[in-house]
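Just so it is clear, none of the values below were taken in a lab; they were calculated from the coordinates. What you see is a predicted model, and the numbers here were worked out from it, not measured in a lab. Note that each Cβ is placed from the backbone with ideal geometry, even for glycine, and that neighbours are counted across all protein chains shown.
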Amino acid sequence: MQKRAVCLACLLLSLCMATAIAQEETLPKNIELYYFYDNLCASCDGTEVFDAAAQTELADVRELYPYDIYRINVFKAEGKQRFESLCAEMGMDSGTITLPVLFAGGRVFQGDETIKNNLREAFLVAGEDLFINERIYTPGTKKTGSALFEDYPVDPSAITVVYFYRLVCEECQQVAPIIDALEGSAQVLRINTRSGNNGERISAFFEAYQVPDEHRMVPIVFTATEYFAGHEAIAAGLHAALENAEPGFVFPTAD
């Protein structure tokens, strides 16, 4: 009997190791940024605008995470093939996308101005997903109902706080110390609204809590019974609300 138990333990260990290895093989080692453009010029590479934006927008964050930038000209046959292949992997129709386009962490940004305005946050979100959350967002996996929050288990015996934020939000940076101070006294679920399906998740909260348009913002914190929108409201009311809060939390659903 003891020998059988040891064998079973070895089997479980092997399965865990195989799962970990498979996940490690699936996840890339670096953030992968794909910049696709269409350039007929033989004497220039067509990436000057993007390279200038990358130099400016990533100047103070490029050392946070290892990354690779792939500049791919779809005018060339191999470039077009790679573009269409990546679109297919992401469940997108390449014919509906306007070049230039940036693929970053499962998100797509079209046009030089849009790319420049979103490049910094896209880089940070991709880094957070890959190196902190150890996952990659795959578009086309829209979730509804209880599936929206199946990745967020809740301890029913704990007071729970759900905190929605953005990485480039100044108010969120002001709120961060308040949220950090809750660790140990409350279960804190932090959800980056720009990552994966989190836009759907915050929308579900907005609807369930009947949040008016003027309060649909980040940072925003939800307890089991109420919400606090913006730094001032969170700083003024969250601590007092949690002093009288009861354990337990039920996620909203969205169809």
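Computed over the chain, the per-residue total of -39500 (n - 2.57) for DSSP H runs of n ≥ 4 gives a 222 nm mean residue ellipticity of -12500 deg cm²/dmol, rounded to 500.
Fully extending the segment from R82 to K143, taken as 0.36 nm per residue of separation minus the present Cα-Cα distance, adds 19.2 nm. Applying 1/(1 + (r/R0)^6) with r as the Cβ-Cβ distance of V49 and D93 and R0 = 25 angstrom yields a FRET efficiency of 0.50. With K and R counted +1 and D and E -1, the other residues having a Cβ less than 13 Å from that of E57 yield a net charge of -2. Pairs of Lys residues in the chain that lie 8 or more places apart, or on two chains, and have C-alpha atoms under 29 angstrom apart add up to 9.
Within the chain, the ratio Rg/Rh, alpha carbon atoms throughout and Rh by Kirkwood, equals 1.04. A Förster radius of 51 Å combined with the Cβ-Cβ distance from A158 to D112 puts the calculated FRET efficiency at roughly 0.60.
Can you tally the net charge around Q174? Count Lys and Arg as +1, Asp and Glu as -1, for every other residue whose Cβ sits under 13 Å from the Cβ of Q174.
Within the 13 Å Cβ shell, the charges total -3.
All alpha carbon pair distances within the range 31-132 were sorted into 5 Å bins beginning at 0; the resulting P(r) in whole percents reads 2, 13, 25, 24, 19, 12, 4, 1, 0.
Between the DSSP loop rule and a limit of at most 15 other Cβ atoms within 10 Å, which GluC sites (Glu not before Pro) in the range 69-140 are left?
Values: sites: E78, E84, E89, E113, E121, E128, E134; in loops: E134.
Loop-located and lightly packed - E134.
What stretch of the chain, leaving out the sites themselves, is the longest with no trypsin sites (Lys or Arg not before Pro) in a DSSP loop having at most 11 other Cβ atoms within 10 Å? Answer from the scan: 143-255.
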